[in-house]
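The values are calculated or read from the model by the stated rules, or taken from the named source; none is laboratory data. If you're wondering where the values come from, they're calculated on a predicted model, not measured in any experiment. In this analysis, Cβ positions are derived from the backbone assuming ideal geometry, glycine residues included, and neighbour counts consider all displayed protein chains. Heads up: the accessible areas ignore ligands, DNA and RNA and are worked out on the full protein's heavy atoms, side chains in. Shrake-Rupley method; radii C 1.70, N 1.55, O 1.52, S 1.80 Å.
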Amino acid sequence: MNLGDILIQRNSITQEQLKAANEQCGPTDRLDRVLVRLGYCSETHVLEALGELYHFDVVDLTGNSVPVNVELLRKMPSKLVHRAKLIPLDRVNGSLRVATPDPFQIYAFDELRMLCGLEVKPVLAKESEINEIIKKHFGVGGDTVSQLVDEDGLEVVSDVGESAGDLAQMAQDASVIKLVNEILLEAINERASDVHIEPYEHDLKIRYRVDGVLRNTNVPPQIRQLQAAIISRIKILSNLNIAERRVPQDGSFKIKVHGREIDLRVSIIPMVFGEGVVMRILDKQAILLSLEDLGFDPDMLKIFEHIIRQPHGIMLVTGPTGSGKTTTLYAALNTIVSDEIKCLTVEDPVEYHLEGVNQVGVNLKAGLTFAKGMRSFLRHDPDVIMVGEIRDLETAETAVQASLTGHLVLSTLHTNDAPSATTRLLDMGVEPFLVASSVEAVLAQRLVRTICKHCKEEYVPQKSEVPPDLGWNGEPLYRGRGCRECRNTGYSGRKGIFELMVLNDELRELVLQRSSAGKIKNEAIKNGMVLLREDGWNKVRRGLTTISEVVQATKG
């Protein structure tokens, strides 16, 4: 009996699928890998069939039921761990049990047998699980680092006296290129928005920002020796001066991952122990969220959709940096864009491409500012204008004039809540009557992490955990227990919490009187405005997020 027969017998594949896979097999291809690649069966099905065929046990490495011999793992040669994917599990009666995704590695088993002087007993495990263990104990790019440091005898590069030529040569080394690629690929697979490379006296830290929270990445300790080469490689990719290490530099480059183009914005600044790098990951071809996906309450969504379909006026989205303002504006544009509407945007920079929208990037060197771009837009006969941010009086006045001459203007502003937006415009120097007559609504927002659906559980919190103002009456709430899918954080993904203030006659009167944000807020609440904290608490009760996330994102 062969592998195909066993898989058919187990109802893992059909006779037709086996025939199709055999036809796809080239001279160097293996049937088991072709079956998985074509999606006819899972890696687990193949491993179980191989185990039956060759009398190998199949183990699950995700839990704590199968221990990994860490001491032996670290002593094993790099090529047996990283390239042959062999993981030592335990030693029993003169034999070593080793996890492998591939039972056909006879030479690797023989080499390990000669090195340790023990009988090698292979067991089968998923390659993805073995890769997780390697990453956990050796760090991202562990194989590449050990190759560079140990096998190639690479010397430590000092921060002083290194010529630009040497750095350029090092940065173009195939192994350094591979290492930087592995760091970026890991970030994209982890859904990171930013990569932070931070130099310290005896260490080089790499951290990824995932769902708004920075997370340490396990990297080999020897990576500190490759600091200059890594940073020089990033500079070359970003078209920056690799010899300049005294002043900050900004650049960008593109990479292609899983068949899609991704932009990276790079910022490099000189620090005490070398240069620090932050790379912002912008996936321009990412699926744009709809307004429903953002986390709006159904009633608030109806009001917001009504506002963005108005023929003129200003709609402002406010919140701190990284609160998802631009994403909300993109979702709004995506909702209203059609063949009958001309949409123009001026952004700094253009983060995502929108089909059917004319987008312009700010270019300060060439003199193209938000205000200048908007003034030019008015001659392009637009219906809707989106301005990346209202930063100064000139941009604010231009936005007001555009809204008063029959255009819908969408923009962002940095304020903590919705009522403060009108007072911020007044502080900039815009006349009260212009603010009162042009601003239609203000949406304040924050992002909160959502509970991982794989490990979500019900619980009753302690009374001390819930702030009194939330009005908790003892009902069960939800949290994430922490699992492999969410990297034991209990969270996966983010949603918005919102505060929508629609200006009516009473609020416009308060703006004309230059009333304080507090007075405007009280009047808005009377008119039914739901506060950020209240919207967050509603999402806690619905099991979308946790108390700690809402408390952290809002003021009590």
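Taking a quarter of the surface of the Cα convex hull of segment 308-386, what do you get in nm²? For the Cα atoms of segment 308-386, the hull's average projected area reads 5.6 nm². Among VAL272, ASN218, LEU282, which residue has its Cα positioned farthest towards the positive end of the charge dipole of segment 167-309, with +1 placed on the Cβ of Lys and Arg, -1 on the Cβ of Asp and Glu, and the dipole taken about the Cα centre? Farthest towards the positive pole: VAL272. Radius of gyration over Kirkwood radius for the chain, both on Cα atoms: the Rg/Rh ratio is 1.04.
Computed with a 1.4 Å probe over protein heavy atoms only, the accessible surface of the chain comes to 49 Å² per residue. The relative contact order of the chain, computed from alpha carbon pairs under 8 Å that lie at least 6 residues apart in sequence, is 8 percent. Its Cα gyration tensor gives segment 180-318 an equivalent ellipsoid; the semi-axes, largest first and in whole Å, are 37, 17, 15.
Per the Debye calculation on segment 1-112 with a single equal scatterer at every Cα and no solvent contribution, log₁₀ I(q)/I(0) for q = 0.10, 0.15, 0.22 Å⁻¹ amounts to -0.36, -0.75, -1.22.
Convex hull volume of the Cα atoms in segment 325-441, per residue, in Å³? Walk me through the intermediate numbers first.
Numbers: hull volume 12.4 nm³, N = 117.
Per residue, the Cα convex hull of segment 325-441 comes to 106 Å³.
Give a quick list of trypsin sites (Lys or Arg not before Pro) in segment 185-261 that DSSP marks as loop, anything other than H, G, I, E or B, with at most 11 other Cβ atoms within 10 Å.
Numbers: sites: ARG191, LYS205, ARG207, ARG209, ARG215, ARG224, ARG233, LYS235, ARG245, ARG246, LYS254, LYS256, ARG260; in loops: ARG191, ARG245, ARG246.
Answer by residue number: ARG246.
Using 0.36 nm per residue and subtracting the Cα-Cα separation, the extra length available between HIS454 and ARG481 on full extension is 8.8 nm.
Over segment 185-238, what lengths in whole Å, largest first, do the semi-axes of the equivalent ellipsoid take, defined as the square roots of 5 times the eigenvalues of the alpha-carbon gyration tensor? Could the numbers behind the result be given before it?
On the way: eigenvalues 76, 42, 17 Å².
Ellipsoid semi-axes (Å, largest first): 20, 14, 9.
Using only alpha carbons, segment 441-556 has a radius of gyration to Kirkwood radius ratio (Rg to Rh) of 1.09.
The separation of segment 459-505 from segment 88-139, counted between C-alpha centres, amounts to 43 Å. Annotation: cysteines of the chain without a disulfide-compatible partner (Cβ-Cβ under 4.7 angstrom) are CYS25, CYS41, CYS116, CYS343.
Pairs over the 29 Å Cα-Cα cut-off, from the set LYS256/LYS456; LYS85/LYS495; LYS365/LYS555; LYS121/LYS205; LYS495/LYS526; LYS256/LYS342: LYS256/LYS456; LYS85/LYS495; LYS365/LYS555; LYS121/LYS205; LYS256/LYS342. Quick one: check the C-alpha center-to-center distance for segment 367-392 versus segment 1-51, whole angstrom. Comparing the Cα centres of segment 367-392 and segment 1-51, I get a distance of 58 Å.
So how do LEU289, LEU426 rank on accessible area, 1.4 Å probe, biggest first, that is with the largest at the start?
Numbers: LEU289 75, LEU426 20 Å².
Accessible-area ranking of LEU289, LEU426, largest first: LEU289, LEU426.
Annotation: extensible slack from ARG260 through ASN131 equals 44.1 nm (criterion: 0.36 nm per residue apart, minus Cα-Cα distance).
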